[in-house]
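First comes the structure, then the notes that go with it.
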Amino acid sequence: MWKLWAALFLCLFTIQLIYLIWMWWQWRKKSFKSTHTLPATSIIICAFNEAENLRIHIPHWCDQAYDGEYEVIIINDQSTDDTLKILQEFQAKYPNLKCFTNPKTNGFPGKKSALDYGIQQASYDFLVFTDADCIPASQHWLDAMSQDSDKITLGFGDYEPKQTALNQWIR
């Protein structure tokens, strides 16, 4: 008789477990976007003599699959290469790309000056910072960075393996 009760208990336990797993799976399938309003975001990038990197990376920043509003702000930090020319070319292609040249009138030295100027130009309160030589991991990079928009979010980037002494030392 106890074997019958054990088999019945095992059968009911299995059904309950399958139901719980199914409910968890349904919850996981729900899109993040349906449960959370994405913040309007400003991506701020400082560029000093980054013409080649900008040519490659601007499309990746400007073509994010992000359902919220966002802008890409690139601050030309007094570059002497073709950075300004490339920024002007891409600005005509991407309406969410805003380019400025840092006048360096805020008293901060180096990159801090460009960052401060970029923050002043931002239209939105939620700010994401990256460098001109960094490429987003995917088209959903901005989604991932804005998931906890009420907190500070930190990300990192792997170094692309290259045969240079600095790259070898960093890795």
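The values are calculated or read from the model by the stated rules, or taken from the named source; none is laboratory data. This structure is a prediction, so every number in the text was calculated from the model and none was measured. When we count neighbours, we look across all protein chains shown, and the Cβ atoms used for this are built from the backbone with ideal geometry, even at glycine. Areas reflect the complete protein model, heavy atoms only, side chains present, ligands, DNA and RNA absent. Shrake-Rupley method; radii C 1.70, N 1.55, O 1.52, S 1.80 Å.
Measure out, as a whole number of angstrom, how far apart the alpha-carbon centroids of segment 117-146 and segment 55-109 sit.
The two parts, judged by their Cα centres, are 11 Å apart.
Take the Cβ-Cβ distance between ALA137 and ALA6 as r, set R0 to 30 Å, and report the resulting FRET efficiency rounded to the nearest 0.05. Provide the component values of the computation, followed by the final result.
Details: r = 50 Å, r/R0 = 1.67.
So the FRET efficiency works out to roughly 0.05.
Using the Cα atoms of segment 1-106, I'd like the radius of gyration and the largest Cα-Cα distance, Dmax, both in angstrom.
Every Cα atom of segment 1-106 included, Rg and Dmax give 26.7, 88 Å.
Order 47-54, 104-111, 58-65 from most to least packed using the mean count of other Cβ atoms within 10 Å.
Put in order of decreasing packing, that is 47-54, 58-65, 104-111.
With every protein chain present, what is the per residue accessible area of segment 1-141 (1.4 Å probe, Å²)? Please list the in-between numbers first.
Numbers: 9160 Å² over 141 residues.
Accessible area per residue, segment 1-141: 65 Å².
Name the residue from ASN96, HIS57, LEU38 whose Cα lies farthest towards the positive end of the charge dipole of segment 1-105, charges +1 on Cβ of Lys and Arg and -1 on Cβ of Asp and Glu.
Selected residue: LEU38.
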